Amino acid sequence: MTAAIYTPIFGIGLSLVLYLLGQWIFKKSKGLFIFQPLFFAMVFGILALVILARLFKTDTATFYTKAYKPGGDIIFWFLNPATIAFAIPLYKKNDVFKKYWKEIFLSLIIGMIVSLGAIVVVSKAVGLNKVGIASMLSQAATTAIALPISTAIGGNSAVTAMACILNAVIIYALGKKLVNWFHLNDTPIGAGLGLGTAGHTVGSAFALELGSVQGAMAAVAVVVIGLVVDIVVPIFAHMIGI
Amino acid sequence: MNNDKQKTKAAPILAQMAIYASILFVSNVISSLMPSSFPVPTPVIGLILLYMLLNFKIIKLAWVDSLGTFLISLIGFLFVPSGISLAANLNIMATEGIQLVIVIALSTIIMLVVTAYTARTIIAFKKHLQETRNKTRNTKVQVTVSHAKGGN
């Protein structure tokens, strides 16, 4: 029994079942934000591991490493080619990208630096320690880029991964309200760039509902912010002494 | 993009895999050469490489499109293990969980609003620059026109 669980197929199977279950419930609940497939799979996956670890009389961390991680790592590896493939939507949006690349890079770089400052202030205000703050800085990038950067500046990559997932959950849940409250749609380019930065691919899908300019800008931002985070965050972390 | 690109047949899936594998391998080598003080993850290099290869028409879109689009369509699922990796760090969640969630929620709003407003400011500034430039150009044109008239 234990031998069967300690093979990659357990982690792959658990991930698949939970994600598909999440998709089904998400559809049944007519898109309630709590049931976003990824968020659902994260919460119930951790819950399942906690319960199973009790049954196998080990602690959760050991059970995760022995039973889930072998399969999880195989799925995780495919984020590498999938992230590289983001060059394709960027290439397909070449007309807007080439027309506005100066605005895009300037907005994302300056926006990132200001946001990082604000994030550090908020983190210190609630009393996060150094590791916690470092884990918060790279969350704007897509997971495959955010995690290695987070590790490199002394953060905890699991916490950063949670941040990336929660970003998308929050934008899905509150995106419409936030756009209205802050009148973001007055500048379609700005709304698109903001949604792509804060909400990753989910934000990009939501931006497309606002309009084609917003959708294109968000799709570009999801890719470009990864490059911006890669350059800005390590320098910023070094400067504030993390 | 243009029509003839869409008409070209998609490359066989194994050939597409070979292209992604080669790009990954090269990116991995470049990434390992980067200094540890300036880490550049493999996917970042691969993304830039593939974008440049497409832009310089060394690789045709049809050679990488269907596998890439398929991989991107899976991205939500591919994130599941990184989310579940929190199971190995539940002690952090027990001690700092609430603070972390507060910071993440506020960070999301900060990034959305700050980026959008920065873009708005930059676009407004650029428009302002263009208008002033147009004004000076218009006055110059008027001057040359009046000169031409005076000459006649």
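For A:K66, which lysines qualify as cross-link partners when the Cα separation must be under 23 Å and same-chain residues fewer than eight apart are set aside?
Within reach: A:K57.
Relative contact order, percent, of segment A:85-239 when contacts are C-alpha pairs under 8 Å separated by at least 6 residues? Intermediate values should be presented prior to the final figure.
Numbers: 211 pairs, mean separation 41.4, N = 155.
Over segment A:85-239, the number comes to 27 percent.
Pairs A:K102/B:K57; A:K92/A:K177; A:K99/B:K127; A:K98/B:K57; A:K93/B:K127; A:K30/A:K92: which exceed 25 Å Cα-Cα?
Working: A:K102/B:K57 23 Å; A:K92/A:K177 30 Å; A:K99/B:K127 15 Å; A:K98/B:K57 16 Å; A:K93/B:K127 23 Å; A:K30/A:K92 31 Å.
Going by Cα-Cα distance, A:K92/A:K177; A:K30/A:K92 fall outside the 25 Å limit.
How well do other chains shield peptide A:23-30, expressed as the mean number of their Cβ atoms within 10 Å of each residue Cβ? Intermediate results must be reported in sequence, preceding the final value.
Details: counts 2, 0, 0, 0, 0, 0, 0, 0.
Mean number of neighbouring Cβ atoms from other chains: 0.
Within 10 Å of each candidate Cβ there may be at most 12 other Cβ atoms; applying that plus a DSSP loop requirement, which chymotrypsin sites (Phe, Trp or Tyr not before Pro) in segment B:44-90 survive? Don't jump to the answer; show the numbers that get you there.
Numbers: sites: B:Y51, B:F56, B:W63, B:F70, B:F77, B:F79; in loops: B:F56, B:F79.
Here the chymotrypsin sites (Phe, Trp or Tyr not before Pro) that fit, given the DSSP loop and packing criteria, are B:F56.
Report the extension gain between B:V101 and B:T139 in nm, rounded to one decimal, defined as 0.36 nm multiplied by the number of residues separating them, less their alpha carbon distance. Present the calculation step by step, with values, prior to reporting the outcome.
Working: separation 38, 0.36 × 38 = 13.68 nm, distance 5.71 nm.
Difference between extended and current length: 8.0 nm.
As I understand it, the dipole of segment A:2-77 uses +1 on the Cβ of Lys and Arg and -1 on the Cβ of Asp and Glu, about the Cα centre. Which of A:G71, A:P37, A:F26 lies farthest toward its positive end?
A:F26
List the accessible area buried at the contact between A and B, summed over both sides and calculated with a 1.4 Å probe, in Å² to the nearest 100. List each step's numbers first, then the result.
On the way: alone 13690 and 12730 Å², together 18870 Å².
Interface area, both chains combined: 7500 Å², rounded to the nearest 100.
Which of the peptides A:61-67, A:223-229, A:169-175 is most tightly packed, and how do the rest follow, judged by the mean count of other Cβ atoms within 10 Å per residue?
On the way: A:61-67: 18.9, A:223-229: 24.0, A:169-175: 21.7.
Put in order of decreasing packing, that is A:223-229, A:169-175, A:61-67.
Place a +1 charge on the Cβ of each Lys and Arg in the protein assembly as shown and a -1 charge on the Cβ of each Asp and Glu, then give the dipole magnitude about the Cα centre in debye, rounded to the nearest 20.
1100
May I ask you to evaluate 6.51 cos²θ - 1.76 cosθ + 1.60, the Karplus curve with θ = phi - 60°, for each residue of segment A:117-132 and list the ³J(HN,Hα) values in order in whole Hz, giving x for glycine and proline?
Along segment A:117-132, the couplings run x, 5, 5, 5, 4, 4, 4, 5, 4, 8, x, 6, 7, 4, 4, x Hz.
Tell me, what is the Rg over Rh of segment A:2-77, with Rh the Kirkwood radius over Cα pairs?
Values: Rg = 13.1 Å, Rh = 12.8 Å.
Result: Rg/Rh = 1.02.
Report the gain in length on full extension from B:K127 to B:M17: 0.36 nm times residue separation, minus Cα-Cα distance, nm rounded to one decimal.
Details: separation 110, 0.36 × 110 = 39.60 nm, distance 4.52 nm.
Extending this stretch completely gives an extra 35.1 nm.
Mean residue ellipticity at 222 nm from the helices of chain A, using -39,500 (n - 2.57) per DSSP H segment of n ≥ 4 over the full residue count, to the nearest 500 deg cm²/dmol? Please list the in-between numbers first.
Values: 13 runs with 196 residues, N = 242.
Per the formula, -26500 deg cm²/dmol.
Tell me, what are the semi-axes, in whole angstrom and largest first, of the equivalent ellipsoid of chain A as set by the roots of 5 times the Cα gyration tensor eigenvalues?
Numbers: eigenvalues 208, 95, 59 Å².
Equivalent-ellipsoid dimensions as semi-axes: 32, 22, 17 Å.
The values are calculated or read from the model by the stated rules, or taken from the named source; none is laboratory data. Keep in mind it's a predicted model, so treat the numbers as computed, not measured. In this analysis, Cβ positions are derived from the backbone assuming ideal geometry, glycine residues included, and neighbour counts consider all displayed protein chains. Areas reflect the complete protein model, heavy atoms only, side chains present, ligands, DNA and RNA absent. Shrake-Rupley method; radii C 1.70, N 1.55, O 1.52, S 1.80 Å.
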